[in-house]
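Here's the structure, in structure tokens; my notes come after.
The values are calculated or read from the model by the stated rules, or taken from the named source; none is laboratory data. Just so it is clear, the model here is predicted, and its values are computed rather than measured. Note that we place each Cβ from the backbone using ideal geometry, even for glycine, and neighbour counts take in every protein chain shown. Note: areas computed on protein heavy atoms with side chains; ligands, DNA, RNA excluded. Shrake-Rupley method; radii C 1.70, N 1.55, O 1.52, S 1.80 Å.
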Protein chains: 2
Amino acid sequence: MIDTALLEAFGKLLGPKGVITDRDSITPWLTDWRGRFHGQSPAILAPATTAEVASVLRLAHERRIALVPQGGNTSMVGGATPPADGNALILSLRRMNRIRSISTDANQAVCEAGVILSTLHDAAAAAGRRFPLSLAARGSATIGGLVSTNAGGTQVLRHGTMRGLVEGIEAVLPDGSIFDGLAPLKKDNRGYDLRHLLIGAEGTLGVVTAATLTLVPPITGRATVWVGVGGPQDALALLRWLQRRFGSIVEGFEVMADDCVGHVLDHIPGTRLPIATPAPWHTLIEIDLSALDDGQAAVEAALATMLAEGGIGIIDAAVAQNENQAEAFWRLRESISEAERARGPTLQFDISVPVDAMPDFMTAIAAEATGRFPGTTASSFGHLGDGNVHFHVRAPAGTADGSGWIAANGEEIARFVNDRLVARGGSISAEHGIGQMKRAELGRLSSPARLAALRAIKTAFDPDGIMNPGKLIPLASEG
Amino acid sequence: MIDTALLEAFGKLLGPKGVITDRDSITPWLTDWRGRFHGQSPAILAPATTAEVASVLRLAHERRIALVPQGGNTSMVGGATPPADGNALILSLRRMNRIRSISTDANQAVCEAGVILSTLHDAAAAAGRRFPLSLAARGSATIGGLVSTNAGGTQVLRHGTMRGLVEGIEAVLPDGSIFDGLAPLKKDNRGYDLRHLLIGAEGTLGVVTAATLTLVPPITGRATVWVGVGGPQDALALLRWLQRRFGSIVEGFEVMADDCVGHVLDHIPGTRLPIATPAPWHTLIEIDLSALDDGQAAVEAALATMLAEGGIGIIDAAVAQNENQAEAFWRLRESISEAERARGPTLQFDISVPVDAMPDFMTAIAAEATGRFPGTTASSFGHLGDGNVHFHVRAPAGTADGSGWIAANGEEIARFVNDRLVARGGSISAEHGIGQMKRAELGRLSSPARLAALRAIKTAFDPDGIMNPGKLIPLASEG
């Protein structure tokens, strides 16, 4: 039970800065990033060191007190919001915000869990390096949260998700023991891979306290290209052509249905389409020219060759002529979610299927959804090369925000989308995780083998269920 | 208990080809690849399909019968050899030898567990692609075993270990349920990563029955270069210079102490050193020229630039002028183990430390070992860019094979080496796994947090301990 005596016991471990009970200081951390999930908690614990985190978990383990690990509170699925019953304490990692070291020889940074992503970006740049993962919440999201959710973004095509950038990990397990796996071993076959198990575990198996992360060379020149195409199949053909021609320097490749782009042009001031000819689908391509001599010319020559060869349904293309144009191209892509919110209620699905299956899925599911849910529109945009797009189903035109459309239709439409994903071997969560939001659907749609394995792992690590309760795994005891 | 009735029950599930009880047919599979471990088993079960594997595991689960999964029986650590008590059945995956599909668009192959590595090499080549993992046992090792041991090799620098090449996995869990994770999802955040958990699990959590594997473009031209250097620190500086200059096309980078090479020159007929000047250390470099115009000239120009710039302790260099020379260079590297066996008894350690720490480790540990164990010689060779070398301690000159030197000294020298690895955050098994051979040392040297986590996972998946008993995890019940 959480009472004053318990909070005093935590206070003895953490000092006066380590236990926050002031309501005004707690309130912002009780609601998730998108304002959909609301919880209660009597206090935030804020340890400053790994040893302090371990002491918190030992005491919590002994007293069976539930803990909700929290970084920047930017989860898209309610993964860091405490339960509504107020029976869990928030465990904030934000005071653990040191970059312990940066090695420009080894191209690695050792970061504590509370380091904010943009802080790492700046520190890497100051050292002449780059941390190649970014996302909209970069000014708030922390390394611990990014590791625990295996975050993605627009650079996954080349550099992988967070999983691919974590070379070592330090974590405190639910009994308070410290797992020291920070040493960046490129080969290590000492049994089950605990690093990969903790990445993406959403704080349900323990608390990530630090990570050794990969840095890469800075980009000293880039080509940013907007290409209008006939359909997502053409987009995929274009991507593969570029990868054959340029290899791994294709840094990003985004695809967008024309209506997504149209909403940006309608709702975001100062935006315009980079190409002159209308197209039903668009792609935004970024190529790292740093290693090429006269790279911009090489890209333009390659595009000219491809257009001359034909075979890919390209409608029109524009190469950004300067940084301002490149930024303007990317602004179109990055404003889609904001534009759709300005338009009206939208259900957003973060989904993946095998890359080969994605073009057909994007067109077929949109057509089927709008047929099934009259008045809606549906389309998608995102990371085609990762087999991951954000699929949106929008309320009928004129539906007001707060009209209850999402509450009335969300569950049915989610089941519709998710059933079709499962039929194609896809995932109901590509990069956002499960958290609270997708937990019931994970339970409904997982095979018995998968569900039993997930539950077995959870129970093995956290038999009392004190780590981030109510997240990720629907336990058997919940029926 | 394994009796005739039980074998008949398996026979009903698998048909006459599926249960092998003939002693002559069983005997070769009771001893490991290097002849160090010997077991007993009354029968080999040989299912031909995933459904048959599932039926075997269901019955074994029901009757509490232990199973030892086996592919090509090429484990370097006794990982596929049954226990000596004869109370386990061998579960051979060799009849599951279909390549289910190859996609040249997606660059993927779906292989069953029993596909032999060289068969996949050939099939990929026939499709105009390449499977970029190879090792000495390629004519026997199977995909299931390679996945289950997270195999390495000389191409890890560019392409990663098996873990990096597995995009999807199918496995039968210990209760007989089928985990279908074959769909190659580049992003999938549906909870704990079961694929990564099964990779490298040595068959102790279930049986890998198939995998979706990454293919890459073929190599149409390569530069193979031998460079003599002053020490491993120079070798690492050379590697990093090449990676800055050539990026990811540096396909392989091997380092060898001069005495390792000397044993090859002494014991393997027809070998000669590629460079004219003696050197205390050697490197063997392979660069994929496929994407470069006039790549050989580019490599030679780069080497000339580097020599002119100075700063790296290069003593002499030779670029292979044709395929025969390239093969001869590689033969020197690949003959080291054979040459050392011809010389006399040798203890071999497959170890890793962070890449940055490896040069110092290579020189310091060899000096310390020869001081501590008078008469021995010690040195290392291997994959410097992976932070993984094979460290050898050799019996005093003139020690005969079979003299008992290894039995008398093996444990003490292993403890000496492994203690020093742990002090540097290294791994006692870089690419060969734990199996039977390193199990006691894993127990002795793991932190309480790691050991508890490994045991918890094993118990959660396989509470009856029927999957590959006596391998990988020293259980708490063993004291």
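Heavy-atom accessible area, probed at 1.4 angstrom with all protein chains present, ranks B:ASP266, A:ASP360 as B:ASP266, A:ASP360, highest first. Have a look at A:HIS390, A:PRO354, A:VAL422 and report the one farthest towards the positive end of the charge dipole of segment A:323-453, computed about the Cα centre with Cβ charges (Lys/Arg +1, Asp/Glu -1). Result: A:VAL422, furthest along the dipole toward the positive end. As a calculated quantity, the FRET efficiency between B:ASP122 and A:ILE268 at R0 = 41 Å, using C-beta atoms, amounts to about 0.15.
Name the shape class, rounded, prolate or oblate, that the alpha-carbon gyration tensor gives for segment B:147-301, where a ≥ b ≥ c are the square roots of its eigenvalues, rounded holds for a/c under 1.5, and otherwise prolate holds if a/b is larger than b/c and oblate otherwise. Prolate, because a/c is 1.5 or more and a/b exceeds b/c. For chain B, the longest principal axis of the Cα atoms and the long axis of helix B:448-461 meet at an angle of about 40 degrees. Across segment A:394-479 the C-alpha pair distances fall into 5 Å bins from zero in the proportions 3, 12, 20, 20, 17, 12, 9, 5, 3, 1, 0 percent.
For the residues A:MET76, A:MET162, a 1.4 Å probe over the protein chains yields an accessible-area ranking, largest first, of A:MET76, A:MET162.
Charges were assigned to the Cβ only: +1 to each Lys and Arg, -1 to each Asp and Glu. The resulting dipole of segment B:173-260 about its Cα centre is roughly 560 debye.
Using the Cβ of A:PRO269 as centre and a radius below 14 Å, the other residues enclosed give a net charge of 0, where K and R count +1 and D and E count -1.
Working from Cα positions, state the angle (0 to 90°, nearest 10) between the long axis of helix A:323-334 and the longest principal axis of chain A. Between the helix axis and the principal axis of chain A, the angle is about 70 degrees. For B:ILE178, the accessible area of its heavy atoms, probed at 1.4 Å with every protein chain present, is near 70 square angstrom. Close amide-amide hydrogen proximity is noted between A:ALA113 and A:ALA210, each under 5 Å apart and 5 or more residues distant or on a separate chain (H modeled in the peptide plane; Pro and chain starts excluded).
For segment B:237-244, the Karplus equation 6.51 cos²θ - 1.76 cosθ + 1.60, evaluated at θ = phi - 60°, returns couplings of 4, 4, 4, 5, 5, 5, 5, 5 Hz by residue, with Gly and Pro reported as x. Taking only C-alpha pairs under 8 Å that are 6+ residues apart, what is the relative contact order of segment A:44-173 in percent? Once divided by the residue count of segment A:44-173, the mean separation gives 22 percent. Using θ = phi - 60° in the Karplus curve 6.51 cos²θ - 1.76 cosθ + 1.60, the 3J(HN,Hα) couplings for segment A:290-298 round to 3, 8, 9, 7, 6, x, 4, 5, 5 Hz; x is entered for Gly and Pro.
Working note: Cα atoms of chain B, range along each principal axis, descending, whole Å: 74, 56, 44. Overall, the protein assembly as shown carries a charge dipole of about 1480 debye about its Cα centre when +1 sits on the Cβ of Lys and Arg and -1 on the Cβ of Asp and Glu, all other atoms neutral.
Computed over segment A:86-242, relative contact order equals 25 percent, with contacts defined as Cα pairs under 8 Å that lie 6+ residues apart.
Judged by the gyration tensor of its Cα atoms, with axes a ≥ b ≥ c, segment A:75-133 is prolate; a/c meets the 1.5 cut and a/b is the larger of a/b and b/c. Between amide H atoms placed 1.01 Å from N, distances below 5 Å from B:ASP316 occur with B:GLY228, all of them 5 or more places distant or on a separate chain. With K and R counted +1 and D and E -1, the other residues having a Cβ less than 12 Å from that of B:ASP419 yield a net charge of +2. What is the angle, in °, between the Cα long axis of helix B:50-63 and the longest principal axis of the Cα atoms in chain B? Nearest 10 is fine, range 0 to 90. Orientation of helix B:50-63: about 60 degrees from the principal axis. Figure note: B:THR104, A:THR142 ranked by solvent-accessible area, largest first, 1.4 Å probe, ligands and nucleic acids not counted: B:THR104, A:THR142. For A:ILE351, the accessible surface of its heavy atoms amounts to roughly 0 Å² (probe 1.4 Å, protein chains only, rounded to the nearest 10).
Annotation: amide H-H contacts under 5 Å for A:GLU251 (H modelled 1.01 Å from N, sequence separation of 5 or more, or interchain): A:GLU286, A:ILE287, A:ASP288. From the square roots a ≥ b ≥ c of the eigenvalues of the alpha-carbon gyration tensor of segment B:1-75, which class results: rounded (a/c under 1.5), prolate (a/b over b/c), or oblate? Note, shape of segment B:1-75 comes out prolate.
With helices as the sole contributors, chain B gives -10500 deg cm²/dmol at 222 nm; each DSSP H run of n ≥ 4 counts as -39500 (n - 2.57), and the sum is divided by every residue. By DSSP, the beta bridges lying fully in segment B:1-144 are antiparallel in about 55 percent of cases.
When only Cα pairs below 8 angstrom with a gap of at least 6 residues are kept, segment A:105-179 shows a relative contact order of 26 percent. The figure for B:HIS159 is an accessible area of roughly 30 square angstrom, using a 1.4 Å probe on the protein chains alone. The 3J(HN,Hα) values that the Karplus relation (6.51, -1.76, 1.60; θ = phi - 60°) gives for segment A:305-321 are, in residue order, 4, 5, 4, 5, 5, x, x, 10, x, 8, 9, 6, 9, 9, 9, 4, 8 Hz. Gly and Pro appear as x. Remark: accessible area buried at the B-A interface is about 5100 Å², both chains counted, probe radius 1.4 Å.
For the protein assembly as shown, the pair-distance distribution built from all alpha carbon pairs, in bins 10 Å wide starting at 0, is 2, 11, 20, 24, 22, 14, 6, 1, 0, 0 percent.
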